[in-house]
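Structure first, commentary second.
The values are calculated or read from the model by the stated rules, or taken from the named source; none is laboratory data. These figures come from a predicted structure and were not determined experimentally. All Cβ positions, glycine included, derive from the backbone under ideal geometry; neighbour counts span all protein chains shown.
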Amino acid sequence: METTADRSAIRKAPAHLWVVGTLATLWNGFACLDYVLTNLRHPAYIAQLPPEMIDYIDAFPAWTIIAWGAGVALALLGSLLLLGRSLWAAYCFAFSLLTLAATQFYNFATGWPESMNTPTNWIMNVVIWIVAVALLLYAIRMRTRKILR
C-alpha cells in the first residue's frame, strides 16, 4: 500500500521527459523498421542498398541478426517505458547498448564492404552510439531523481 510519503517522493514528470521519450520512440522505431524491412527483404527498401552490402548482411551469423533485432527492440521498449515512467527503461537501454557493442564489434572485426566505408556511415555510427549512451544516462538520471518508478 502506498503512503503519502511514498507519493510525495515520486516527482511530477518534467516536460523534457515527454520530449526525450517521444524523440527516442521515433528514433528507435525507425531502427526497428530498418531491421524488419532489411530482414524481410522489402524490395523497395533493399533496392537502395549496394549489392555487396546485401551480400554482407546475408553472411551475418545468426547471433548477429538476433543481437541486432534484440537491440533495436529493447531500445524501442526502453523508449516506451521511459514514456510510461518505468524504471525498467534504464535496463532496456543498457542491454540494448550491449547488443550494439556486440554487433559493432562483429562489423569492425569482419571488415565492412567498401560501399559502407564512407564518412556518412561513420558519422551515423557515431550518432547511434551517442544517442544510445545518452538515452541510458538520461534514464539513469530520471531514475535517480525518482521521476521513473
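Any residue in the range 20-48 that is on the phi > 0 side of the Ramachandran plot sitting within a Cβ distance under 9 Å of a residue that is assigned to a helix (DSSP H, G or I) and surrounded by fewer than 17 Cβ atoms within 10 Å (Cβ to Cβ)? List the pairs, counting only those 6 or more apart or interchain.
Here the result reads R41/I54, each pair linking the range 20-48 to a residue that is assigned to a helix (DSSP H, G or I) and surrounded by fewer than 17 Cβ atoms within 10 Å (Cβ to Cβ).
Can you find a residue in the range 75-85 that is at pLDDT 95 or above, outside any helix (DSSP H, G or I), surrounded by 15 or more Cβ atoms within 10 Å (Cβ to Cβ) and of a type outside the set (G, A, S)?
If we filter the range 75-85 for residues that are at pLDDT 95 or above, which is where we start, we get 75-85.
Within this subset, residues satisfying the condition of being outside any helix (DSSP H, G or I) are 84-85.
If we keep only those that are surrounded by 15 or more Cβ atoms within 10 Å (Cβ to Cβ) as well, we get 85.
Next cut, of a type outside the set (G, A, S) only: 85.
Yes, some residue in the range 75-85 is at pLDDT 95 or above, outside any helix (DSSP H, G or I), surrounded by 15 or more Cβ atoms within 10 Å (Cβ to Cβ) and of a type outside the set (G, A, S).
Conditions: (1) within 30 Å of R11 (Cβ to Cβ); (2) surrounded by 16 or more Cβ atoms within 10 Å (Cβ to Cβ); (3) touching a Ser or Thr at 6+ places or on another chain (Cβ under 9 Å). T103 meets all but one. Number of the miss?
The number of the failed condition is (1).
Might you check whether a residue that is surrounded by fewer than 17 Cβ atoms within 10 Å (Cβ to Cβ) and at pLDDT 95 or above occurs anywhere in the range 48-60?
The answer is no, given that none of the residues of the range 48-60 is surrounded by fewer than 17 Cβ atoms within 10 Å (Cβ to Cβ) and at pLDDT 95 or above.
Restricting the search to the range 113-149, which residues are of a type in the set (A, V, I, L, M) and part of a loop (DSSP other than H, G, I, E, B)?
First, the residues of the range 113-149 that are of a type in the set (A, V, I, L, M): 116, 123-124, 126-128, 130-137, 139-140, 142, 147-148.
Of everything in the range 113-149, those that are of a type in the set (A, V, I, L, M) and part of a loop (DSSP other than H, G, I, E, B) turn out to be I147, L148.
Considering only residues that are more than 16 Å from the chain's Cα centre (by Cα), under 30 Å from A139 (Cβ atoms) and among the small types (G, A, S), which ones fall in the range 35-85?
A62, G84
Inspect the range 2-20 for any residue being closer than 17 Å to A134 by Cβ and outside any helix (DSSP H, G or I) and give the result as yes or no.
The answer is yes, given that some residue of the range 2-20 is closer than 17 Å to A134 by Cβ and outside any helix (DSSP H, G or I).
Note down all Cβ pairs under 6 Å where the first residue falls in the range 87-112 and is over 12 Å from A73 (Cα atoms), the second is among the charged types (D, E, K, R) and part of a helix (DSSP H, G or I), and they're at least six residues apart or on different chains.
L87/R143; A90/R143
Can you find, within the range 23-47, the residue that is surrounded by the most Cβ atoms within 10 Å (Cβ to Cβ) among those that are among the polar types (S, T, N, Q) and within 24 Å of F108 (Cα to Cα)? Don't jump to the end; show me each part of the working.
Quick first cut of the range 23-47, residues among the polar types (S, T, N, Q) only: 25, 28, 38-39.
Within this subset, residues satisfying the condition of being within 24 Å of F108 (Cα to Cα) are 28, 38-39.
Values: N28: 26, T38: 17, N39: 13.
It comes out as N28.
Filter the range 55-69 for residues that are touching a helix residue (DSSP H, G or I) at 6+ places or on another chain (Cβ under 6 Å) and farther than 14 Å from L37 by Cα and give the result. Working first, answer last.
Here is the first cut: in the range 55-69, the ones touching a helix residue (DSSP H, G or I) at 6+ places or on another chain (Cβ under 6 Å) are 64, 67-69.
Across the range 55-69, the qualifying residues are T64, A67.
Being at pLDDT below 95, on the phi < 0 side of the Ramachandran plot and out of contact with any Asp or Glu (no Cβ under 9 Å at 6 or more places or on another chain) is the requirement here; does I66 meet it? Talk me through it step by step, then tell me what you get.
Working: at pLDDT below 95: no; on the phi < 0 side of the Ramachandran plot: yes; out of contact with any Asp or Glu (no Cβ under 9 Å at 6 or more places or on another chain): yes.
When the stated conditions are applied, I66 does not pass them.
Restricting attention to the range 106-149, and to residues there that are of a type in the set (F, W, Y) and touching a Phe, Trp or Tyr at 6+ places or on another chain (Cβ under 9 Å), which single residue is surrounded by the most Cβ atoms within 10 Å (Cβ to Cβ)?
Residues of the range 106-149 of a type in the set (F, W, Y): 106, 108, 112, 122, 129, 138.
Narrowing further to those that are touching a Phe, Trp or Tyr at 6+ places or on another chain (Cβ under 9 Å): 106, 112, 138.
Working: Y106: 15, W112: 16, Y138: 19.
Across the range 106-149, the extreme among qualifying residues is Y138.
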